[in-house]
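Below: one structure, written as structure tokens.
The values are calculated or read from the model by the stated rules, or taken from the named source; none is laboratory data. These figures come from a predicted structure and were not determined experimentally. Because the Cβ atoms are built from the backbone with ideal geometry, glycine has one as well, and the counts that use them run over all protein chains shown. The area values use the complete protein model at the heavy-atom level, side chains included, leaving out ligands, DNA and RNA. Shrake-Rupley method; radii C 1.70, N 1.55, O 1.52, S 1.80 Å.
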Amino acid sequence: MSQPQARWNSEAYRIARRKMVEQQLKARGISDSKVLESMALVPRHLFVDEAQAAQAYLDSPLPIGYGQTISQPYIVALMLEALSLKPEDRVLEIGFGSGYQTAILAALAAEVLAVERLEPLFFKGREKLARLGLDNVHLKLDDGTLGWTELAPFEAIIVAAGGPRLPQPLVDQLAPGGRLVVPVGPSEKSQKLILLVKEKDGRLSRSILGDCRFVALVGRHGWSE
Ligand code: SAH
């Protein structure tokens with residue numbers, strides 16, 4: 001019996017991605033052309049299990065094992081647009097998961113430093129990124145709520161899991177002019193997606209991008225295990 005991935009040739013995936021960009025992203029207000037272009041290129045179907053490849057371009061998160069999910073394409077686009085990335089920026093990503101968002105970040109920024117706490121996902125995602133030949137990504141298996149002190153500061157930080165409060169180390173590791181996008185909420189079931197900007201003089205300004213529902217951010221400055 002042929003696998004879904006074998007039945008779908010790469011042209012069909014390309015068309016499905018284009019449709020995703022038009023109907024799920026542009027139609028809902030995403031307008032950053034670089035974000036749209038890179039999401040039209042990165043093969044989301046390679047970051048889910050083969051059995052789910054045919055669902056990879058639908059408007060939803062999908063399970064990636066260990067109770068975690070690959071984020072919904074619209075939410076990924078919303079977060080990436082809010083980060084206002086410049087090609088020379090270095091980005092810290094917390095919650096690497098499948099590696100899908102990491103691959104898009106790698107197309108938008110100079111360097112991506114990504115942290116994941118679950119070992120099986122870390123190794124699986126690392127292999128996928130290697131297969132795509134991305135050489136501007138560095139990965140760490142650790143509690144990402146602590147940031148990545150040795151490599152700080154970062155022009156942009158993105159968190160793909162929701163915690164009860166803003167992780168202070170991430171705020172501290174933001175460069176002047178830097179942007180942090182992070183879901184924060186009082187329960188593990190729903191959060192507000194927050195954009196925090198550190199002005200050049202160090203002042204912080206905060207805005208709410210909307211309601212969201214991420215998996216739990218587990219760590220020293222997140223939920224406890
Ligand atoms: N961007 C990913 C999202 C994966 S779900 C994707 O699209 O595939 C969120 C991920 O955050 C999970 O893999 C989970 O294990 C991870 N995570 C949760 N708390 C973390 C922490 N403190 N540090 C690093 N990763 C964490």
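Return yes or no: is D211 part of a strand (DSSP E or B) and open to solvent by 40 Å² or more (accessible area, probe 1.4 Å)? The answer is yes for D211. Give me the residue from segment 125-140 that is in contact (Cβ under 8 Å) with a residue 12 or more places away in the chain and over 18 Å from A152 (Cβ atoms) and, out of that set, surrounded by the most Cβ atoms within 10 Å (Cβ to Cβ). My answer is G125. Residue-level analysis places F96 outside the set of residues that are among the hydrophobic types (A, V, I, L, M, F, W, C), touching a Lys or Arg at 6+ places or on another chain (Cβ under 9 Å) and surrounded by fewer than 21 Cβ atoms within 10 Å (Cβ to Cβ).
Listed conditions (1) farther than 24 Å from I104 by Cα; (2) part of a strand (DSSP E or B); (3) among the small types (G, A, S) are all met by G202, apart from (2).
So which residues in segment 54-81 are in contact (Cβ under 8 Å) with a residue 40 or more places away in the chain, aliphatic (A, V, I, L, M) and within 15 Å of the ligand (Cβ to nearest atom), if there are any at all? A56, I64, I75, A77, L78, M79, L80, listed by residue number.
Considering only residues in segment 173-186 that are open to solvent by 10 Å² or more (accessible area, probe 1.4 Å) and not in a strand (DSSP E or B), the one that is nearest to the ligand (Cβ to nearest atom) turns out to be Q173. Filtered by the rule that a residue be closer than 16 Å to L196 by Cα and within 11 Å of the ligand (Cβ to nearest atom), segment 143-160 gives T145, G147, I158, V159, A160.
For the residues L113, L166, L170, the requirement of being open to solvent by less than 10 Å² (accessible area, probe 1.4 Å) and either without any contact (Cβ under 8 Å) to a residue 60 or more places away in the chain or assigned to a strand (DSSP E or B) (or both) singles out L113.
When the residues of segment 31-51 are filtered to those that are of a type in the set (D, E) and out of contact with any Asp or Glu (no Cβ under 6 Å at 6 or more places or on another chain), the one that is nearest to K86 (Cα to Cα) is E37.
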